[in-house]
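Here is the structure we will look at, set down as C-alpha cells.
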Amino acid sequence: MVRSCVTRVRLGGALLSVSIFAGVATAAPTVGRQVIGRSPGGSPIEVWTVSDRSASDRGTGERPAIAILAGIQGHHQIGARVAESIKRRLIEDHADSIADRTVYIIPAVNPEGLARFASPGVPKALSGRVPDARDSDRDRRVDEDPPNDLDGDGVITMMRIPAPKTAFGIEPTHVVDQGDPRIVREPEDDEVPTHAVLIEGVDDDGDGRFNEDGWGGASGGGVDLDMHFPTHWPEHADGAGRFPLDRPEALAVAEWLQARRNIVAVIVYGPHDTIVSTPPKGKYGPEGRVPKGIEEDDAAVYTLAAEAFKDATGITKTEPGPDRAGSLLQWCYADLGVYAFGTPVWVRPDLVKQDGASVDEAALDANADDAGPAQEDIEAADRADLTERGGGEDPGLSQKVDASIGATGADGAQKPKPSGDSAESKWLRWIDERGGDGFVEWQPFEHPQLGSVEIGGFVPGVRVNPPAGREAELVEQQAVFAAAVLDMLPRVEIDDPTVERVGARLWRVGVTLRNSGTLPTKSSIGVKTRRLPGIVCVMDPDRDLETDRIVSGSRAIRFASIDGRGSSERAEWLVIADASDTVDLEIRTPMFGTTRYELTMETER
C-alpha cells in the first residue's frame, strides 16, 4: 500500500527527491455513502465511495479515481446489481488497487425506472425510461394510452397483425421468417410485407393510435435518461425530454461528476459497448469539435482497456447498441473530459470466448449442416433487432422485430429464408437450450379493435439480463476489470527539487514531475475540453517576491498533461535572492491535491 508524504517540505541546498507517494501501509478499505439527489418520487440517488483511508494522508478527492455508473436504463437490471455488489469484491480481492485510489459507485441513476421494471404488480414492459407523465400525443391528457397486457401473462410483448385494418392506418411492414416462424423481420429483396407489428395493447383513448401515451408504449411514457445529456442531445427525438438535464436524476449525476476533479475514467454499465468495439476516431458533430467517438490520441488507452476487459470477461464481440447521442457515456467523454468505458456487462454466450473458441463457433463446428456457416460480422446481421432502442425510439419499438412472421415473394410463392445465423435465431437457439424460458410463443387472440391477431415475442429484458445464478461471476469479472483500470491510473512523483547558484545573487530553481502510471495525467479529450486545469507549478505562490526578482520562467508554469510510463516534465526559474533567503514552490494538481515546498537559497555543502 502507498502512503503519501507530508505536503510541506523544507529544502536546503542538497538535492532531494520527493514523491507524492511513498511508503507502505496495510489496506483497510472502507465504504462511504452519500445521497446526491432524489427523483421526483423521492427515491435517492446515492454515491458509494470506496477508499483506504489508512493508506494516504490525502483525502479521497485528492487521489486518482474511477467512477462506476449503472442503472440508467430501468430494464438493464444486471448493471445495477453488479454495481451494488462490486464494492465488496474490490475490497476483498483488490485492496492493493484501492490503496492510493478512489472508487465512486452510483448503482442506480434511474431508481424509479429500475423499480418499475422489477415491480411484481406491474406488467413487465421493455422500457428503460423514467416513468414520467407526459402528454406525448398533445391531447391534454397524460398516460391515457399505455400498452395493455391483453393476454394476462404479466408481460407486454408484441402483436403481429395479418392483413392490417386500414381503418387505423396500419400498414404491413414485416414478414414471418420461413426458417423459424417465431421470428419477425423486415422484408428482403423482392419480399412483400405481410404483417404489421405493434406493442401489445389497445387504442385506449380512441384517437386511432396504439400505445402512444404511457410508460412502456410506442412513445411517450417518460424520459430516456440515456438520451437526456447535453452531448449531441437529440432535440426532437421521442424520449429525449424537454431539454437536457431536465430530469433531477440526470442533473444530480452531472453536477456531482462535474464537481469531482480527480476522476480519470468512468465505467458505465448499460446498453453501450465502447470497450470491445472501440468508438470511431476523429468523428465529430456538425460543429466539427465535439466528438461522436473518441479523439485519435485516446485510442491507445482504449486498446489497453479492451485487452484488460477481454482478459477479465472473455467477451470478444458485442451486439450493436443504440446511438450514443445524448447518452451519459458520451457526455462523460466529450464534456466531462474523461475516459468513458461502456459495457452491457452480460452478452449472449456465443459472444464469449471459451477454451480458444466462442460457444457459437464450437456449436457451428459440431452442427455445420444445421446451423450454417459462422457469421464473421455480428454487426451486419439484423441491426434493428440487435438494439433495445435505436434512432431515438423507445426500446419497445425495437421489439417489433422480436416478433415473427411469413415471407412471400412478389409472385405469391413462399420463399424460405435461412435464419440460423441471424441475431434473433441465435437468441432463440440459446433460449431453446434453456427450455424456452424467455420467449412467449405466438398465440391467437381476438383483439377488440383489430380482430384476429397473435400475441407473443421475446420476454422484456431477456436479452440484456442473464439467467439466475450468473451475478456472482459477472461481479467478479467486472471487479477484475475495474482493478485493472485502477492500476493504470496516473501516478505523479516529484523528483529532485533543486536549488543551484548560478551568479552572485542568482539561483536556478527547478522541479521535475514524473508520471510513473500507465495513463496520462489527463486524456486528450480532457485537454481539449479544458474543464480542469493541468498541473501547475507556482513559484512564490504568496507573491512575497517582487515580480522582477523572477528573471526567467513564468511565476506559474503549466503542463496540460504528462504522458504515462515514466514520462516527465520539468519547470525551472531563475530567481534573484540572497543566500539563506527562502522561497516557496507549490505544485497544484487536480487529482493529487497541492504539495508545497519551502526552498532555502544555500550553497550545497
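The values are calculated or read from the model by the stated rules, or taken from the named source; none is laboratory data. What you see is a predicted model, and the numbers here were worked out from it, not measured in a lab. Counting neighbours? That spans all protein chains shown, and the Cβs are built from the backbone with ideal geometry, glycine included. Accessible surface is based on the protein model in full, side chains and every heavy atom, while ligands, DNA and RNA are left aside. Shrake-Rupley method; radii C 1.70, N 1.55, O 1.52, S 1.80 Å.
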Restricting to DSSP loop positions (anything but H, G, I, E, B) with no more than 15 other Cβ atoms inside 10 Å of their own Cβ, which trypsin sites (Lys or Arg not before Pro) remain in segment 264-353? 283, 289
Can you give the FRET efficiency to the nearest 0.05 for residue 555 and residue 255, using r as the Cβ-Cβ distance and R₀ = 22 Å? 0.10
7 Å from Cα along Cα→Cβ at both residue 236 and residue 311: what's the point-to-point distance in nm? 4.9
Amide proton proximity set for residue 266, modelled H, under 5 Å, gap of 5+: 67, 339, 340, 341
Once amide H atoms are built 1.01 Å from N in the peptide plane, which residues 5 or more positions from residue 294, or in another chain, come under 5 Å H to H? 281, 282, 283
Short version: ³J(HN,Hα) in whole Hz for each residue of segment 563-572, in order, from phi by Karplus 6.51 cos²θ - 1.76 cosθ + 1.60 (θ = phi - 60°), x for Gly and Pro, what are they? 4, x, 6, x, 5, 9, 9, 10, 10, 9
Karplus ³J(HN,Hα) for segment 265-273 (6.51 cos²θ - 1.76 cosθ + 1.60, θ = phi - 60°; Hz, whole; x = Gly/Pro) runs 8, 10, 10, 10, 8, x, x, 9, 10
Bin all alpha-carbon pair distances of segment 143-233 at 10 Å intervals from 0 and give each bin's fraction as a whole percent. 16, 35, 32, 16, 1
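Please compute the net charge surrounding residue 444, taking Lys and Arg as +1 and Asp and Glu as -1 over other residues with Cβ under 13 Å from its Cβ.
Values: positive: 160; negative: 151, 441, 446, 454.
Net charge in that neighbourhood comes out at -3.
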Honestly segment 517-556 on the Cα gyration tensor test (a ≥ b ≥ c root eigenvalues; a/c under 1.5 rounded, otherwise a/b vs b/c for prolate or oblate) is just prolate
Any chance you could run the full-extension gain for residue 38 through residue 580? It's 0.36 nm times the residue separation minus the Cα-Cα distance, nm to one decimal. 189.4 nm
With segment 231-297 reduced to its Cα atoms and the Debye formula applied, log10 I(q)/I(0) at q = 0.26 1/Å amounts to -1.27
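Looking at this model, which pairs from 87/283; 281/353; 310/426; 292/522; 87/310; 292/317 are more than 30 angstrom apart at the alpha-carbon? Don't skip to the end; give the middle numbers.
Numbers: 87/283 35 Å; 281/353 26 Å; 310/426 22 Å; 292/522 19 Å; 87/310 21 Å; 292/317 21 Å.
Pairs exceeding the cut-off: 87/283.
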Whose amide H sits under 5 Å from the amide H of residue 30, counting only residues 5 or more places off or on another chain, with H placed in the peptide plane? 51, 52, 53
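According to the square roots a ≥ b ≥ c of the eigenvalues of the Cα gyration tensor, what is the shape class of segment 495-573, taking rounded for a/c under 1.5, prolate for a/b larger than b/c otherwise, and oblate for the remainder? Before the final figure, lay out each step's value.
Details: a/c = 3.57, a/b = 1.74, b/c = 2.06.
Verdict is oblate for segment 495-573.
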Using the heavy atoms of the protein chains alone and a 1.4 angstrom probe, what is the accessible area of segment 293-353 per residue in square angstrom? 27
For residue 544, placing the label point 7 angstrom along Cα-to-beta-carbon and taking segment 571-590, residues whose amide nitrogen sits under 11 Å are 581-585
Under the Karplus relation with 6.51, -1.76 and 1.60 and θ = phi - 60°, whole-Hz ³J(HN,Hα) for segment 65-77, x at Gly and Pro, equal 9, 10, 10, 9, 10, 8, x, 7, 9, x, 7, 8, 5
Would you mind computing, in nm to one decimal, how far apart the modelled labels at residue 207 and residue 598 are, each placed 7 Å from Cα along Cα→Cβ? 7.3
Between residue 437 and residue 283, what is 0.36 nm times their sequence separation minus the Cα-Cα distance? Round to one decimal in nm. 51.3 nm
